[in-house]
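Structure first, commentary second.
The values are calculated or read from the model by the stated rules, or taken from the named source; none is laboratory data. In this text the structure is predicted, and so the values were computed from the model without any measurement. All Cβ positions, even for glycine, are placed from backbone atoms using ideal geometry, and neighbour counts span all protein chains on display.
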Amino acid sequence: MYLSFPAYTAVSLLFLLSSPVSARASQFSKYAPIQNERHSKILAVQQEQLQQQIPQKRSNHAYLTDATTPFSVNGSALPEIDFDIGESYAGSMPIGNSTTDSLFFWFVPTANPSAGDEIVIWLNGGPGCSSLDGFFHENGPVNWASGTYRPVRNTYSWSNLTNVVWIDQPISTGFSTGNATATNENTVASQFLGFWRNFVDTFELKGRKIYVTGESYAGMYSPYIASAMIQHNDTEYYNVKGLMVYDPSIGHDGVISQAPALSFVNQNRNFFPLNDTINAQIKNISKTCGLDTFMDTAMTFPPKGPLPPPPSTYDEVYDYENCDIYDTIFNAIFEINPCFNIYQLGQQCPLLWDSLGFPYSYDQFYLPQGYAQPYFNRTDVKKAIHAPLDVNWQFCLPGLENPIVGGESDTSPPSGLTGGPLQQVIEHTNNVVIGHGTLDFVLFANGILATLQNLTWNGVQGFSEYPSQPFYVPYHDHPMESMSGAGIYGSWTSERGLTFVLTELAGHFLPQGAPSAAYRHLEFLLGRIGNLSEVSPFTTQPGYEQPRGVLNN
């Protein structure tokens, strides 16, 4: 979900109740990176190993057939990109037998021998935001981050681990065209499955293990789509083996946006230097509107029973005049820091320009003078990836009202309620990961945890303990232009097929803020590692030495 710059939005949020900033800082300093001297002694050997261990571009195109040739992308001829991304396929695929409705995809096969029988689906959220954001900013083979000069090769591309396809959906999102008739997630899922069956047939992917992943409003899309696949009981086309969603919209607005707001501000005071008047106002709102009481109950581990009704839901009228704590904070912080980044705490002015025209609101896209349009709206780029030339590509559909759900609000209940699609996917796969960036001001981690504490799966309600096991990201080699951290990177818990992982230094777009952490999450989802505390190198860098005693074990 992407928040509008003016404050009046019904956004889904979450919050993080992790250790204090000072404690987290000391933890990171305790496990500092490997010393330069030691690193230099093994670097030459490792560089040679990496050439053999990291999946390389195929010498031929394994998926190139008569059926796929129209989608084949020349990986060395993408505008502005001065390296070859290797084999990939992009274009529009019909939904079922439709002659008018189609979804746009970009499929990047892997050379990793461990991934021969699997494929990962990636979906961005919004609703109405293009998954090419994920491709270009987060977990694709190319990374052109905001404020940077040129695109670079992404060391942490998920295509190094497995076959990945980024898909614009529902209809009207990105390059996906047709009649936007969906008013609920069941219709969205049905349309997606119509596309998916054609995609599987075209690329001869029958029987593949499917892992559905995404972020933000994909917390609605992904569980509904995965659940619809499961209900077909057809492993040739819909062999779902896992689900992973980041900073997801899975609960009621009052639980994931309003209730955790005060505690989030208190945990991140350095980013919220609010005056005494505002501090007193938000404290009073949280108390008198029942938000404090609700969160005290919701954050009890294990839960003592079903939670009381939330302070608000999408189906009720919320007392915004008196109880809108989120927008009160939102308006106040933008007066202090007009370049405040709701997606990743810590940004100050000036605004960073972005090759995709990053939306600081639904109607306000920032492109610096001299950069006329987003990268994917260029005609030469559209031709290179077989995109429809007549589509005015936008990062996100403009306006709070957009056509992807028939111009109306999504009428489906949140995915994370008991009896809903998230529960169904957990119980079918016993392999669901929910990750959350601790610097996200769009969706609050404790709001998601509160939702999960009211969810029953595999016969038991909620988690028995707060996420406390250390999340370890391996030390690894990387070029300077594509760097990311290592060591203790947050905390996690896992019970009865559901894993929740808090990720430090990441915001709303987790694979963008902490790409090495997301890479590790995917290794876990795919079953390449045993758990998120495992001290072992990335499976694509098996020879890289890890420090001893990092977890005191």
Inset, instruction - Determine which single condition I529 fails, assuming it passes every other condition in (1) surrounded by 22 or more Cβ atoms within 10 Å (Cβ to Cβ); (2) part of a loop (DSSP other than H, G, I, E, B). - result: (1)
Legend entry - Matching entry among P388, P368 (being touching a Phe, Trp or Tyr at 6+ places or on another chain (Cβ under 7 Å), modelled with pLDDT of 95 or more and either among the charged types (D, E, K, R) or assigned to a loop (DSSP other than H, G, I, E, B) (or both)): P388
Legend entry - Residue satisfying condition, being closer than 18 Å to L452 by Cβ and β-branched (V, I, T), within set V240, V265, V255: V255
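Looking at the stretch 417-427, is at least one residue under 26 Å from D234 (Cα atoms), without any contact (Cβ under 8 Å) to a residue 60 or more places away in the chain, buried (at least 19 other Cβ atoms within 10 Å of the Cβ) and of a type outside the set (S, T, Y)?
Within the stretch 417-427, one or more residues are under 26 Å from D234 (Cα atoms), without any contact (Cβ under 8 Å) to a residue 60 or more places away in the chain, buried (at least 19 other Cβ atoms within 10 Å of the Cβ) and of a type outside the set (S, T, Y).
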Inset, instruction - Within the stretch 446-453, identify whether any single residue is part of a loop (DSSP other than H, G, I, E, B) and under 21 Å from L502 (Cα atoms), and answer yes or no. - result: no
Legend entry - Failed criterion for Q258 (all others in (1) on the phi < 0 side of the Ramachandran plot; (2) buried (at least 20 other Cβ atoms within 10 Å of the Cβ); (3) in contact with a strand residue (DSSP E or B) (Cβ under 7 Å, 6 or more places away or on another chain) hold): (3)
Inset, instruction - Output the residue which, of all residues in the stretch 98-145 that are more than 21 Å from the chain's Cα centre (by Cα) and either more than 25 Å from G194 (Cα to Cα) or hydrophobic (A, V, I, L, M, F, W, C) (or both), is surrounded by the fewest Cβ atoms within 10 Å (Cβ to Cβ). - result: P113
Legend entry - Leading residue by the ranking (surrounded by the most Cβ atoms within 10 Å (Cβ to Cβ)) among those in the stretch 146-195 that are out of contact with any strand residue (DSSP E or B) (no Cβ under 8 Å at 6 or more places or on another chain) and among the charged types (D, E, K, R): E185
Legend entry - Residue list for the stretch 417-445, restricted to those being in a helix (DSSP H, G or I) and not β-branched (V, I, T): P421, L422, Q423, Q424, E427, H428, A445
Legend entry - Every residue from the stretch 191-207 that is of a type outside the set (F, W, Y) and either within 15 Å of F105 (Cβ to Cβ) or free of Cβ contacts under 8 Å to residues at least 60 places away in the same chain (or both): Q191, L193, G194, R197, N198, V200, D201, T202, L205, K206
Inset, instruction - Scan the stretch 446-494 for residues that are buried (at least 17 other Cβ atoms within 10 Å of the Cβ), farther than 30 Å from R548 by Cβ and either out of contact with any Asp or Glu (no Cβ under 7 Å at 6 or more places or on another chain) or at pLDDT below 95 (or both) and jot them down. - result: N446, G447, I448, L449, A450, T451, L452, Q453, N454, L455, Q461, G462
Legend entry - Y156 in contact (Cβ under 8 Å) with a residue 12 or more places away in the chain, of a type in the set (S, T, Y) and either out of contact with any Ser or Thr (no Cβ under 8 Å at 6 or more places or on another chain) or assigned to a helix (DSSP H, G or I) (or both): no
Legend entry - Which numbered condition L443 fails, given (1) surrounded by fewer than 18 Cβ atoms within 10 Å (Cβ to Cβ); (2) at pLDDT below 95; (3) within 23 Å of G490 (Cβ to Cβ): (1)
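Which is surrounded by 22 or more Cβ atoms within 10 Å (Cβ to Cβ), aromatic (F, W, Y) and within 30 Å of G346 (Cα to Cα), of F500, F524?
F524
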Inset, instruction - Spot the failing condition for F192; the list is (1) at pLDDT 95 or above; (2) in a loop (DSSP other than H, G, I, E, B), and only one is missed. - result: (2)
Inset, instruction - Return only the number of the condition from (1) in contact with a strand residue (DSSP E or B) (Cβ under 9 Å, 6 or more places away or on another chain); (2) crowded, with 23+ Cβ neighbours inside 10 Å; (3) modelled with pLDDT of 95 or more that Y224 does not satisfy. - result: (1)
